[in-house]
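The values are calculated or read from the model by the stated rules, or taken from the named source; none is laboratory data. Here the structure is a predicted model, which is why all the values come from computation and not from measurement. Neighbour counts are summed over all protein chains in view; Cβ atoms, including those assigned to glycine, are modelled from backbone coordinates with ideal geometry. Only protein heavy atoms, including side chains, enter the accessible area calculation; ligands, DNA and RNA are left aside. Shrake-Rupley method; radii C 1.70, N 1.55, O 1.52, S 1.80 Å.
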Amino acid sequence: MSFPASAPALSDVVRALAVFAHPDDIDFGCAGTMANWVEEGIEVAYLIVTRGEAGGCDGTGRGSVTRLREEEQRAAAAAVGVRQVEFLDGYVDGALAPTPDLRRDVTAAIRRHRPDRVLTSSPLRRWEHLAGPGHPDHLAVGEATTCAVYPDARNPCAHPELLAEGLQPWVVREIWYAGGPAPDHTVDVTGQYARKVAAMRAHRSQTARMDVETWVRDQLTTTADAAGLPAGRLAEAFTVLRTG
């Protein structure tokens, strides 16, 4: 199973919301693109479902890990110019599912931020990449966010308690998927290399032992080369769908 060919990206986007499972998911896959959007004048916000407590099982207390990873994500967002970072409460790293509760909470964020564009992880597994994109939390958040975009966020009968909170229905016009099979919408992020590196380095609990500069350059070069960009260019790739 794969996505259909990407639609042309909308050119009049004012607000975008990125919804991901863990701190650092955005930065490994999308930080260069986030920096591009900010430079284009798009108001970008992040919604992170967990605080990544399962990514620090080294004897450190869980409370310390969650505080650290939240701080790291806020620093990484600042490195690419994103000022709005929200975390959901009540969800456990490593145990996510596209439940009605998660759909409701993502729907609430969409109605609150009123984005033209939503970016999330792919709900479709890439069998050649079980690590990273195939993490079950990523798939779960991609599915829950897709359901929140359509039909929940636009449907006044979905999660009626949100109306009582003043959160009116909202139509997201476009959804971008990261980490899915055969991504075909390539974003040139050559000019954002330093910001991408800085964002990833901010997640020091996860990247301190990595050669971040080399990893970023190798990954982005591979993506750019696969898309046929000129030699020396760096890129991230996505699938872009209109929501009807």
Legend entry - Residue-normalised accessible area of segment 60-185, given per residue in Å² at a 1.4 Å probe: 45 Å²
Legend entry - Length-normalised contact order for segment 116-244 - Cα pairs under 8 Å, 6+ apart - percent: 30 percent
Inset, instruction - Counting other Cβ atoms within 10 Å, keep those with at most 12, restrict to DSSP loop, and tell me which GluC sites (Glu not before Pro) in segment 158-220 are left. - result: GLU165
Inset, instruction - Specify the residue with the greatest mean-square fluctuation among CYS147, CYS157, CYS30, computed from a Gaussian network of the chain linking alpha-carbon atoms under 10 Å apart. - result: CYS157
Legend entry - Residues in segment 1-21 that a label on ALA227 would reach, taking backbone N under 12 Å of a point 7 Å out along Cα→Cβ: 9
Inset, instruction - With the full set of protein chains in place, find how many percent of the accessible area of the chain is carbon and sulfur; take the probe as 1.4 Å. - result: 53 percent
